[in-house]
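A quick write-up on the structure given underneath.
The values are calculated or read from the model by the stated rules, or taken from the named source; none is laboratory data. On a predicted model such as this, the values are computed, not experimentally measured, just so you know. Because the Cβ atoms are built from the backbone with ideal geometry, glycine has one as well, and the counts that use them run over all protein chains shown. Accessible surface is based on the protein model in full, side chains and every heavy atom, while ligands, DNA and RNA are left aside. Shrake-Rupley method; radii C 1.70, N 1.55, O 1.52, S 1.80 Å.
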Amino acid sequence: MPPFLSDPPSTAYLVLAALVIVAGAVAARWQDRKRVGIFLVSLLLLGGLYLLDRLNASPREEAVEGVGALLDAVNQRQPDRFLSHVSDSFDAKGLKKADLRRAVELARQFDAKVVAWNFDRNRVVYHDTDPPAVDVEFDAKAEGPGGTVPKHVKATFVRDPDGKYRMRSFATYNIVQKQAEEPIPGLGK
């Protein structure tokens, strides 16, 4: 399903809601079949868009959910659960899926909690490849007794053969200068 229908922008809802209000006001004023029909069609369009949005997860929504699941696994110190949300094709500057176990070990070692926020809808990139992929950007930080390490993250999620989107790669950047790449301290080759 196209992302416009499974993950419509808020402007689509605003336009359809305005159409419903205007068509409803005109239908109430003139009270004839034609105008009531236009009102009902606009109401059905708004309801249909809402149902499509709620019943179908877009690749972006699945990627954001995947980021949440990854961070929950890190915070709960569950490396196997963490790795279950990473694609077997994972490769980030030479780091492979097996190397990511170190991320959970680092969180445990430094008693860190990781959170993410500010998922930027405007910077989502859909890749019409085989398999399909989606890039998401967000801000994250790890907090522990040693301090806070904030990062801007660009992650790519790919649809694996089982149909689920899993992380294929990521890169971390300076939280302020979102183009200056900064690796996570202690994670890497």
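Rounded to the nearest 500, the helix-only mean residue ellipticity at 222 nm of the chain stands at -13500 deg cm²/dmol, with each DSSP H run of n ≥ 4 adding -39,500 (n - 2.57).
Considering the range 3-55 at the alpha-carbon level, its Rg and Dmax are found to be 12.1, 37 Å. Full extension of the chain segment joining residue 171 with residue 33 gains 43.9 nm, where the gain is 0.36 nm per residue of separation less the Cα-Cα distance. Report note on the peptides 168-179, 88-99: ranked by the mean count of other C-beta atoms within 10 Å, highest first, their order is 168-179, 88-99.
Looking at the range 112-184, the accessible area is 57 square angstrom per residue; that uses a 1.4 Å probe and ignores ligands, DNA and RNA. In order along the range 104-119, the Karplus-derived 3J(HN,Hα) couplings, from 6.51 cos²θ - 1.76 cosθ + 1.60 at θ = phi - 60°, round to 5, 5, 5, 4, 5, 4, 9, 6, 9, 10, 10, 9, 9, 7, 6, 5 Hz, and Gly and Pro are given as x. When DSSP beta bridges are restricted to pairs lying wholly in the chain, around 95% turn out antiparallel. The residues of the range 3-55 have, on average, 70 Å² of accessible surface per residue, using a 1.4 Å probe with all protein chains present.
The range 100-158 and the range 163-189 have Cα centres spaced 6 Å apart.
Near residue 182: Cβ cut-off under 14 Å, other residues only, Lys/Arg at +1 and Asp/Glu at -1. The net charge is +3. Inter-label distance, residue 111 to residue 55: 5.0 nm, where each label sits 7 Å from its Cα along the C-beta direction. With a bin width of 5 angstrom, please list the P(r) values of the chain as percents of all Cα-Cα pairs, from the 0 bin to the one holding the largest distance. Pair shares across the bins are 1, 7, 13, 16, 15, 12, 8, 7, 6, 5, 4, 3, 2, 1, 0.
Put a dot 7 Å past the Cα of residue 126, heading toward its Cβ, do the same for residue 4, and the two dots end up 0.9 nm apart. Across the range 101-189, the mean sequence separation of Cα contacts (distance under 8 Å, 6 or more residues apart), normalised by length, yields a relative contact order of 21 percent.
The portion of the accessible surface of the range 3-55 made up by carbon and sulfur, rounded to a whole percent, is 75 (1.4 Å probe; DNA, RNA and ligands excluded). When the solvent-accessible area of the range 59-174 is split by element, carbon and sulfur atoms take up 49 percent of it, the probe being 1.4 Å. Restricting the calculation to alpha carbons of the range 91-159 gives Rg and Dmax of 14.3, 43 angstrom.
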